[in-house]
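Readers should treat all values here as calculations from the given coordinates under stated rules, not as data from a laboratory. Note that the coordinates shown come from a computational prediction; the quantities given were computed from them, not determined experimentally. Quick reminder, even Gly has a Cβ in these numbers, built from the backbone with ideal geometry, and neighbours come from all protein chains shown.
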Amino acid sequence: ARSAFAWLTCILTEEHDWYLTARCPACIVQHVLHSEPTIRFVAVASQLAGPRSGFRCWLNALETAVCEDPFWGDAFWPDIEERASRLTDGVQELVRQCYELSATLDNPARVNPSLAKTPMPVYGSRSASCTIPLKPSSFARKQLRLTREEQRYRSSLLWNCSQEMTQPLAGCTTATQSRRRSLTS
């Protein structure tokens, strides 16, 4: 699910301007066939839409276009289809985890056992051998420190205000004497 999220974030970031501006079908086809990530993106979108959505024709047309393209050729489609299937599984896992997390946050008393650590899917030999522990960035650490400092400041401010409210004011006689009403005050 993490790999799927990272991949979707990357492609949407890199292709953001194109997705917002290109609208003609010929431009879309030309751009989709331009790179492997965009071919995979359309394949994943077609697979995620499901067989009853009517997007199966997109997947068939994409397969035909890739196989007939002089650059990609027939040999490329099985590889892209397999990668797209793995990415589709990752996106579905990401959606499932988001749903379970939302359900857990809505009902904290019920802990879902499937939220336990699940093995990450392997997307190639490099990702299987690379296990880098993540640590918070310096910005995240600074933000956390400032949040804690702000919380301490607010706590002390509230404590001081509450202490002042419990002590009677010096020279104040309103608590012991009743005030006379007049038309001007």
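Once label points are set 7 Å from the Cα along Cα→Cβ at both Thr104 and Arg152, what is their separation, rounded to one decimal in nm?
With each label placed 7 Å out from Cα toward Cβ, I get 3.1 nm.
If R₀ is 30 angstrom, what is the calculated FRET efficiency for the pair Asp69 and Thr13, using the beta carbon separation as r and rounding to 0.05?
So, using R0 = 30 Å, E works out to roughly 0.70.
What length, rounded to one decimal in nm, is gained on full extension from Phe139 through to Cys161, with 0.36 nm per residue of separation minus their alpha-carbon distance?
Extra length available between Phe139 and Cys161 comes to 4.7 nm.
Could you order the peptides 35-43, 92-100, 153-161 from most to least packed, using the average number of other C-beta atoms within 10 Å per residue?
Output ranking for 35-43, 92-100, 153-161: 35-43, 92-100, 153-161.
Taking R0 as 25 Å, what's the FRET efficiency between Asp89 and Cys57 from their Cβ-Cβ distance, rounded to 0.05?
It comes out at approximately 0.65.
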